[in-house]
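Everything below concerns the one structure shown next.
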Amino acid sequence: MNLSVYLGLLHKAEQTLADSFRQVAKGHGEEPDVHFLCQTLAKQCDEHQRALQPLVDRYGETPEAEPERLHAEGLSETRQGPVGLLRDLQDLYLLASLVDITWGMVKQAGQALRDSEMLAVVDQCDKQTAVQLAWLQSRMRQAAPQALLVAE
Amino acid sequence: MVDRIAEIWGTRTPYGKDGQWPVRVDRKMADGVDADTVDRWFQSACLLCSNGCACDIAVKDGAMVGIRGRADDRVNHGRLGPKGLFGSWQGMSHPDRLTSPLIRRNGKLQECSWDEAMERVVERSRSLLTEKGPLSHGFYTSGQLFLEEYYALAVIGKAGVGTPHMDGNTRLCTATAASSLKESFGADGQPGSYRDIDSCEALFLFGHNMAETQTVLWSRVLDRLAGPDRPALVCVDPRDTDVARHADVHLAINPGTNLALMNSLVRELLHNGWVDEDYVRAHTVGLEELASVVEQWTPEAAGSLCGVDPGLIREAARIFGTTDRVLSTVLQGFYQSSQATASACQVNNLHLLRGMLGNPGRGLLQMNGQPTAQNNRECGADGDLPGFRNWANPEHVQQLASLWNVDPLVIPHWADPTHAMQIFRYAEQGSVKFLWISATNPAVSLPQLSRIRNILAKPELFVVVQDLYLTETAEVADVVLPAAGWGEKTGTFTNVDRTVHLSDKAVEPPGEARSDLDIFLDYSRRMGFTTLDGSPLLDWSGPEDAFEAWKECSRGRPCDYTGITYQLLRGGSGIQWPCTDSPPSGTERLYSDGTFPTEPSYCESYGHDLLTGANVGPVAFKAMAPSGRAILKAADYSPPHEMPDEEYPLRYTTGRTAYQFHTRTKTGRSRQLRAAAPSAWVEMSVSDAEAAGLAEGDIVRVVSRRGELQVPLRIGDVRAGTVFAPFHYGYWDAAAGLGAGSTVSASSAPHTTAANELTITEWDPVSKQPVFKNAAVRIEKISDGDRPAPAPTTTASRPAVVDHQAVPPGRAVPGERAVPPTLGGADAEAEEFIGGEGEPA
């Protein structure tokens, strides 16, 4: 069963997202909403990894046999200024999208497995990931005109 | 005659449930002026708190010389509070008033003509629009202007300049009221009525020190409490306020824990079956989600976090759950604390669960902090679209474009409007280069003042300030425009229970001061803003034209004014919107039939996620299928971001005192109010003071990560672990004494008295209201005091009773007896005509 591959992928993607939220929180302390919310959302990602554990215990977690083709390694450092903020939020959006779609595939498997516990975990976590995406999009939409048209 | 400094709420006139609140006409005349000899009385309403007390202004020889409450008005039944009696006309007629425009030349503000000042503004505005576009412009206004002025500003901002960067200081006081109403009910608009106080059987005040913020409304409550059928009173407040002292249940919770308490109260209602299931089924969505969020918040869990006895939480819930008629009010203790919107929404949820909205005594007042905040919100001077329209609904944008005859693309509607803190951030980063500030004083009222001062001082930021006095903000402006204020111009404004009042021009403004409306219209004319057919965007000649234009804008919206005219507002009582032609008497309560403005084509907002502020958006909103049902929104508790630690072990919270308003621009220039609360202080509890070896009146240093205060200490009844500071005390009068020429430059005074030196730059994710009531501080002694702290003894700042046994030997501690009571003396005596009798017509 290859579900273990996807559980591993998900685990790693949540971890990368948590680290990246923390990186952005640290790098954009001058934007208090970004700073504090990214810390909160990082904690959500930590929780998601904990929530995954019973599923990992049941189905295992194995590295993918295929090499990584698309590298989503997270943010190693943050950028500067209004456009930098926009780019960093956009990177978070991409990482959260990867998490979101991976939860989606795990959910599909859970349905086929008729594993209600798994579905409950997915439902709880993916709902939060969806809100993370919505927040990132709301914040970027607000920031984009100013960053792209008038920022120095 | 009653000393209304000593007796803040005046003489009791008790009444029973469903009774009529007795009339008591309060009056104060200038020294030596006989009320019978004045030339004329002009109708108005008071601007010195959010209550909206109707009044008449006495005029003699072209000057304002007195004030009396209007007996016939539904809001105050003749009463006025100390600020209205002593600060209203007195705050306008001080010799410090600005009488000429000022312009900065060689670094100094100098008098100039209106032409020169406005040309400087217009030249800068035009060149920036050409070079950088509309996003270079920001407008930051007030909760003190009139409806007509906000609407003019909103049209200029949205259809003239075309910038989303517009907000008011209402962001600091009532943004959460608006947000919670939008989130729960689909649109702003207060469900309740002040008459619900007359009919309620229980009254819940959530973070609302009504005794000091709306003293006349509190008089109404005191009169119910003193009458037969006394309503039960529940108070949520970390301080021992007058409200708390009268309460049956006082939940003195730790600052920053409101949402845990609220989630627990909601849980208690659900677990005990204190729910109107038919109502919930027919008129709400979201019960399942709400129930799951609150489930973990047992009274024990919440009690332990909030620092209160779980039994008190159970008792409060029992009162809410089992009383037939409950009225709730909410204010800054919730709005300016962490998770503001989520906490305020839980109050809405309590009422929705019990189906308790829109009937006598069964109501909800998400209070306003300022007299004209409601107009700021409905006109869109807070950045929203006028008439509670939804920026994310293209139909609504088109309605405005048609009304104004402009291209809809000019109207910014790509995101939530830019809130005040973000406008200042853009100014800090240099992308907003033109900032027009009207009738507000951000150099004292925004959080983390050292940062705000730096932003306002940036040479590349062009700052226009329009105000009555040379405030701390005006001192650093590039252009200062002298404004006419209350009693010097005509306009309307609306209080928290949707009562619209007219305020007539009684006297000429001083010198060359002009009304804010005239200034905005002049700017629009000089800028050449036009409609699509080339005619002037704003062709109004005065306030009544503006009011008529606004009525069209409000037509068919929740805040419909189309049935109101200046004529109807003259004489008699104020009128509550919505008010259409049939009948033109207004609407006392909203949502009596359980139908809410959540229809997607009609609603003001599709809502936000309460934890993050993420936009819900049209698709997800429509999927909820609210269609006229209210939305039970919920979020889990999360701790405040700055918690006490080893370095800063105390919680810091800020607030008001009954005798002052905002940064004291007016109230600080009233003899009586000034004497009652002359200068800054901080408060801490007896146990904290003892642990730190501090005594009443000691000069202390209060330090946060952002700054420090150096002020006298009041040992009071604030809960242990918490330090309280009043936020009124900036620097315009830092030199001792008061009078023309006695003010020192704000920039030269040490910045150690304004409470916002210490506050954190952070805001609620949904309402964007700054978190003024959560920070961490430490406190240390500078020197022994030689007198008690200058804090009033008549308010929540009263001294605690000190246990003299606990005082170290050899050390004299000025305890309760050493603090002289706050009295106003002969100067503060005002007349009261109970039943209106004896008062001349």
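Listed values, structure above:
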| quantity | calculated |
| --- | --- |
| The listed residue being in contact (Cβ under 8 Å) with a residue 60 or more places away in the chain, surrounded by 15 or more Cβ atoms within 10 Å (Cβ to Cβ) and in contact with a strand residue (DSSP E or B) (Cβ under 7 Å, 6 or more places away or on another chain), out of B:Trp550, B:Trp577, B:Trp540 | B:Trp577 |
| B:Thr667 modelled with pLDDT of 95 or more, of a type outside the set (Lys, Arg), over 30 Å from B:Ala30 (Cβ atoms) and under 24 Å from the mean Cα position of the chain (by Cα) | no |
| Of all residues in the stretch B:426-451 being part of a helix (DSSP H, G or I) and away from chain A (no Cβ under 14 Å), the one that is farthest from B:Tyr151 (Cα to Cα) | B:Ser450 |
| The stretch A:119-152, residues that are facing chain B (nearest Cβ under 7 Å), without any contact (Cβ under 8 Å) to a residue 40 or more places away in the chain and closer than 18 Å to A:Gln44 by Cα | A:Val131, A:Ala134 |
| Within the stretch B:177-212, tally of residues that are hydroxyl-bearing (Ser, Thr, Tyr), buried (at least 24 other Cβ atoms within 10 Å of the Cβ) and in a helix (DSSP H, G or I) | 3 |
| B:Asp18 vs. criteria closer than 29 Å to B:Ala677 by Cβ, of a type in the set (Asp, Glu), in contact (Cβ under 8 Å) with a residue 24 or more places away in the chain and in contact with a helix residue (DSSP H, G or I) (Cβ under 8 Å, 6 or more places away or on another chain) | no |
| Residue within the stretch B:310-319 that is at pLDDT below 95 and farther than 19 Å from B:Ser343 by Cα present | no |
| B:Asp764 being at pLDDT 95 or above, under 23 Å from B:Leu251 (Cβ atoms), surrounded by 15 or more Cβ atoms within 10 Å (Cβ to Cβ) and touching a strand residue (DSSP E or B) at 6+ places or on another chain (Cβ under 9 Å) | yes |
| Single match in B:Arg27, B:Arg126, B:Arg79 (criterion: basic (Lys, Arg) and farther than 23 Å from B:Ala211 by Cβ) | B:Arg126 |
| Selection count, the stretch A:87-125, where residues are buried (at least 20 other Cβ atoms within 10 Å of the Cβ), more than 11 Å from the chain's Cα centre (by Cα) and over 23 Å from A:Leu3 (Cβ atoms) | 2 |
| Cβ pairs under 6 Å, 6+ apart, first in the stretch B:704-715 and in a strand (DSSP E or B), second surrounded by fewer than 18 Cβ atoms within 10 Å (Cβ to Cβ) and among the polar types (S, T, N, Q) | B:Gly707/B:Ser450; B:Leu709/B:Thr752; B:Gln710/B:Thr752 |
| Qualifying residues in the stretch A:25-57 (those that are more than 14 Å from chain B (Cβ to nearest Cβ) and in contact with an Asp or Glu (Cβ under 6 Å, 6 or more places away or on another chain)) - the one nearest to B:Thr612 (Cα to Cα) | A:His48 |
| Output for the stretch B:375-423, where each listed residue is farther than 27 Å from B:Cys579 by Cβ, hydrophobic (A, V, I, L, M, F, W, C) and buried (at least 24 other Cβ atoms within 10 Å of the Cβ) | B:Ala420, B:Ile423 |
| Strands (runs of 3 or more DSSP E) fully within the stretch B:39-144 counting 2 or more residues that are buried (at least 24 other Cβ atoms within 10 Å of the Cβ) | B:40-45, B:54-60, B:63-69, B:137-141 |
| Count of residues meeting criterion [crowded, with 24+ Cβ neighbours inside 10 Å and part of a loop (DSSP other than H, G, I, E, B)] in the stretch B:716-726 | 1 |
| Every residue from the stretch B:393-417 that is out of contact with any helix residue (DSSP H, G or I) (no Cβ under 6 Å at 6 or more places or on another chain), assigned to a loop (DSSP other than H, G, I, E, B) and within 14 Å of chain A (Cβ to nearest Cβ) | B:Pro412, B:Trp414, B:Asp416, B:Pro417 |
| Set A:Gly60, A:Gly84: member being within 30 Å of B:Arg451 (Cβ to Cβ), away from chain B (no Cβ under 11 Å) and surrounded by fewer than 17 Cβ atoms within 10 Å (Cβ to Cβ) | A:Gly84 |
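So that you can scan it fast, the table gives a plain yes or no per residue for (1) at pLDDT below 95; (2) surrounded by fewer than 23 Cβ atoms within 10 Å (Cβ to Cβ); (3) in contact with a Ser or Thr (Cβ under 8 Å, 6 or more places away or on another chain):
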| site | (1), (2), (3) |
| --- | --- |
| B:Glu472 | no, no, yes |
| B:Val479 | no, no, no |
| B:Ala483 | no, no, yes |
| B:Leu502 | no, no, yes |
| B:Glu508 | no, yes, no |
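The values are calculated or read from the model by the stated rules, or taken from the named source; none is laboratory data. Bear in mind the structure is a predicted one, so any value in this text is a computation, not a measurement. Reconstructed Cβ throughout: ideal geometry from the backbone, glycine too, with neighbour counts over all protein chains shown.
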